[in-house]
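Working notes, beginning with the structure itself.
The values are calculated or read from the model by the stated rules, or taken from the named source; none is laboratory data. All values reported here derive from a predicted model rather than from experimental measurement. Backbone-built Cβ (ideal geometry, glycine too); neighbour counts: all protein chains shown.
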């Protein structure tokens, strides 16, 4: 039997774990720096410039369905592309979450037809590359929609044509900023009231309907504000004038094709995540909830979904990131998102490597922002164990 | 052995291997060669020894094939036909360069490129020469590090609309959506032309014609702008179920100058000269009325200029008894490269008539693409 070494003797340097750890990290860092500088030297030797001055030059091109004019700078053009990307990302993520959750729950429904239909939807869309879905949606739209001269108009609510679509939206009727401020104040007040009613409920045990009170207050503030400010927001109806849509929210067909394609594709993934997270809640929870007399809806609402939501949040945020990056597939349908604009900038003779670095930087900022929100949400929601 | 020790040893071995790989890949000279090539020729301008020197000319001759960057979607200029073969005006010029440099017009490898990647392919050395309906502009000469050679086709930008639309000129097209290819001078010229006409248009940019055409067919854009030669090519191939060529109209207006020609990389003058004179040879041949049919008998012509041009020995003007050797212009090409070019490909007129001439579906008249003796812009420098 070996005797233990006396305390105070240390292993030799080449077996000392602490030394080895540091040495390994230094070695990896040196390898990374060496590789990066080798790449940089090669690029410089081939006259690849890292000059970012091209950003201040005139773009020379416009972008359809945006306000970009050829006299604006290259940086403006790239930011317009970024704005397009973000629009699809934000609207798409919201729609994906809603649609994906509904389909995920539908897949667990007791109704055979609903369950099967949701199953087919998920299995078909999950297994097709997103680019194909986008191109398919675009091709279908190109073949069934009429040219703008013969656009389909649906009573001022919707305009459909092969170049542009229009949807009724809200527009400034006079006092929109004041109304917005009022709504914001109302929202804060509603949240405060909800919190107060929740405290009351916790203290007395009697149901205090916190959301009814909060929601009611918000609606009351909105109605009073609307009347008092004499219609601060009005409905704006889209109409076809000449060759474009005037009024309402106008969207180019490429935008709609990318949005619909990505929402269909990503929601199939989100549906699976939601379904999996509901199934991951231990059966004991459902059974116990039943044992204490909760109805199925109450079970879902108070016991299963909160736990499922906690499990589902990180993968769903991951899907949001995927959707944001998949907007770059819009190049196939002439959607002027960031990657398309970058390619156009490079094609017009501006230096390629700096332009791509700018685009990568912008994508990175967007993705990191989404990741940050995700990490904060996850940190707040995780199960804190003893 | 215990798992931690084994993991540690594996990790150390992996790190050592990756450092080795980083060090060893310094010997990989694919980037180095291009850098050397560029660096050498600044001092050089060697040319002269028969057969190229250290530059791209020597490399192509050693390799035995020419890498040519071309288009594959424009009828008449660069198109892949049903048999999978490349055909077109630019394709034949690739073959002419191969005939001059290598003696064999078939020794060409074509690389189809789209508008955005054509210059990066040239800069990366993937292709030796770019003959892809590329317009010569100052910024391309400058920022794209490229050198434009003799213009083979003087073109201009035009606009194509549906024949039953009411538009007669760009000034009528306020508020319309116009399809255009990205990465082209067309895109920039469209903005200028629209501003000049005082109208506002929405440009819809596509990476290539395969995505643009369905959008135009579906009516997503009301106009399609491109070089007039491209528009003629597209119109000639317009499918019958869309109405055939009669369903389209190209405006008479021209919005810009578009001189199209071959492009090589900056810095290798020897290669540029070789390609340039291969192209000029076709134009000079038309001026001398040498065709692929009569080139053999022209080698025994009485005209001294023709003999010199065709690289044949010719009577010495100073000493009628002696014979001067064929002219070696110091281009690094065979003395009779012009014979190879003309017999294997043809002169400018033949190439034009075969691909884009009045008897082809494109039906383009010579216009400014005629010899200077016929009032056009083609003026080949003398071969002497």
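See the values below:
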| item | result |
| --- | --- |
| Residues satisfying the stated conditions in the stretch B:220-239, i.e. closer than 25 Å to residue A:161 by Cα, in contact (Cβ under 8 Å) with a residue 40 or more places away in the chain and in a loop (DSSP other than H, G, I, E, B) | B:220, B:221, B:222 |
| The listed residue being assigned to a helix (DSSP H, G or I), within 14 Å of chain B (Cβ to nearest Cβ) and either touching a residue at least 24 places away in the same chain (Cβ under 8 Å) or surrounded by fewer than 20 Cβ atoms within 10 Å (Cβ to Cβ) (or both), out of A:340, A:299, A:380 | A:340 |
| Residue in the stretch A:345-358 that is buried (at least 16 other Cβ atoms within 10 Å of the Cβ) and away from chain B (no Cβ under 14 Å) present | yes |
| Index of the failed condition, residue A:308 passing every other in (1) surrounded by 15 or more Cβ atoms within 10 Å (Cβ to Cβ); (2) more than 14 Å from chain B (Cβ to nearest Cβ); (3) touching a residue at least 40 places away in the same chain (Cβ under 8 Å) | (3) |
| Test: residue A:94 is free of Cβ contacts under 8 Å to residues at least 12 places away in the same chain and either surrounded by 14 or more Cβ atoms within 10 Å (Cβ to Cβ) or within 14 Å of chain B (Cβ to nearest Cβ) (or both) | no |
| Scan of the stretch B:62-92 for residues that are out of contact with any helix residue (DSSP H, G or I) (no Cβ under 6 Å at 6 or more places or on another chain) and closer than 18 Å to residue B:234 by Cα, ordered by number | B:71, B:72, B:79, B:80, B:81, B:82, B:86, B:87, B:90, B:91 |
| Members of the stretch A:97-156 found to be under 29 Å from the mean Cα position of the chain (by Cα), assigned to a helix (DSSP H, G or I), surrounded by 14 or more Cβ atoms within 10 Å (Cβ to Cβ) and within 14 Å of another protein chain (Cβ to nearest Cβ), listed by number | A:131, A:134, A:135, A:136, A:137, A:138, A:139, A:141, A:142 |
| Criterion: within 22 Å of residue A:346 (Cβ to Cβ) and free of Cβ contacts under 8 Å to residues at least 24 places away in the same chain - qualifying residue of B:111, B:143 | B:143 |
| Tally of residues being closer than 26 Å to residue A:82 by Cβ, out of contact with any strand residue (DSSP E or B) (no Cβ under 8 Å at 6 or more places or on another chain) and facing chain B (nearest Cβ under 10 Å) across the stretch A:40-65 | 5 |
| Single condition residue A:31 does not satisfy, out of (1) surrounded by 15 or more Cβ atoms within 10 Å (Cβ to Cβ); (2) more than 10 Å from chain B (Cβ to nearest Cβ); (3) over 32 Å from the mean Cα position of the chain (by Cα) | (2) |
| Some residue of the stretch A:47-60 being under 26 Å from residue A:245 (Cβ atoms) and surrounded by 15 or more Cβ atoms within 10 Å (Cβ to Cβ) | yes |
| Entirely in the stretch B:271-367, the helices (runs of 4 or more DSSP H) that have 2 or more residues that are touching a residue at least 60 places away in the same chain (Cβ under 8 Å), more than 21 Å from the chain's Cα centre (by Cα) and surrounded by fewer than 21 Cβ atoms within 10 Å (Cβ to Cβ) | B:304-309 |
| Residue ranges of strands (runs of 3 or more DSSP E) in the stretch B:109-192 with at least 2 members within 30 Å of residue A:43 (Cα to Cα) and more than 10 Å from chain A (Cβ to nearest Cβ) | B:129-135, B:146-148 |
| Within the stretch B:193-209, tally of residues that are free of Cβ contacts under 8 Å to residues at least 12 places away in the same chain and more than 9 Å from chain A (Cβ to nearest Cβ) | 1 |
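To keep it simple, each residue is scored yes or no on (1) modelled with pLDDT under 85; (2) within 14 Å of chain B (Cβ to nearest Cβ); (3) more than 26 Å from residue A:172 (Cβ to Cβ).
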residue	(1), (2), (3)
A:212	no, no, yes
A:218	no, no, no
A:225	no, no, no
A:229	yes, no, no
A:236	yes, no, no
A:244	yes, yes, no
A:249	yes, no, no
